[in-house]
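Notes to accompany the following structure.
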Amino acid sequence: MSKSVITSEHAPAAIGTYSQAIKAGNTVYMSGQIPLDPKTMELVEGFEAQTVQVFENLKAVAEAAGGSFKDIVKLNIFLTDLSHFAKVNEVMGRYFEQPYPARAAIGVAALPRGAQVEMDAILVIE
């Protein structure tokens with residue numbers, strides 16, 4: 001099986017010992033994205049803006065892998081406050097069409113750099 005590293009300059013650079021994504025065969029495993037502006041590497045302000053930035057970061061990595069949101073089969077959402085779940089659904093509706101990916105939303109105590117939301121995804125590119 002072939003394995004390759006996927007990177008995009010339009011998403012935040014990895015800030016640890018990981019890759020933005022790894023492609024193995026026709027499957028892409030995307031690392032968690034937090035709402036960092038890729039130009040400044042600073043968190044954006046406000047929950048909705050953070051959610052949008054996370055989706056934009058995921059989109060950039062998916063495109064670097066040769067895919068799009070249509071190829072996402074699994075999306076994991078990590079929230080420091082589950083009361084924001086309805087807003088995540090609203091923003092997600094701007095990026096996805098049916099059939100929607102399988103998804104999990106998980107409440108966590110904290111996220112890197114004080115982010116309120118983080119997401120990772122798995123894509124299958126035909």
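Assign unit charges at the C-beta atoms only (+1 for Lys and Arg, -1 for Asp and Glu), then state the dipole size of the chain relative to its Cα centre in Debye, rounded to the nearest 20. Walk me through the numbers before you get to the answer.
Values: 10 positive and 14 negative charges, 68 e Å.
That gives a dipole near 320 debye.
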Query raised in the report: Pairs of lysine in the chain with Cα under 25 Å and at least 8 positions apart or on different chains: total?
Result: 14
**Report entry** Furthest towards positive pole of dipole, Ser2, Ala65, Ile34, structure part segment 1-102, Cβ charges
**Finding:** Ser2
**Report entry** the chain: calculated mean residue ellipticity at 222 nm from DSSP helix runs of at least 4, using -39500 (n - 2.57)
**Finding:** -7500 deg cm²/dmol
Query raised in the report: To the nearest 10 degrees, how steep is helix 85-95 against the longest Cα principal axis of the chain, on a 0 to 90 scale?
Result: 40
Requested in this report: Compare the Cα positions of Gln50, Ser19, Met92 along the charge dipole of the chain (+1 at Cβ of Lys, Arg; -1 at Cβ of Asp, Glu; about the Cα centre) and return the one farthest towards the positive end.
Outcome: Ser19
Query - Average silhouette area of the chain, convex hull of alpha-carbon atoms, in square nanometres - result: 7.5
Query raised in the report: Cα centroids of segment 70-126 and segment 28-43: how far apart, whole angstrom?
Result: 14
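Where a number appears in this text, it was derived from the coordinates with a stated rule and is not lab data. In this text, all values refer to a predicted model and were calculated from it rather than measured experimentally. Cβ coordinates were reconstructed from backbone atoms using ideal geometry, including for glycine residues, and neighbour counts include every protein chain displayed.
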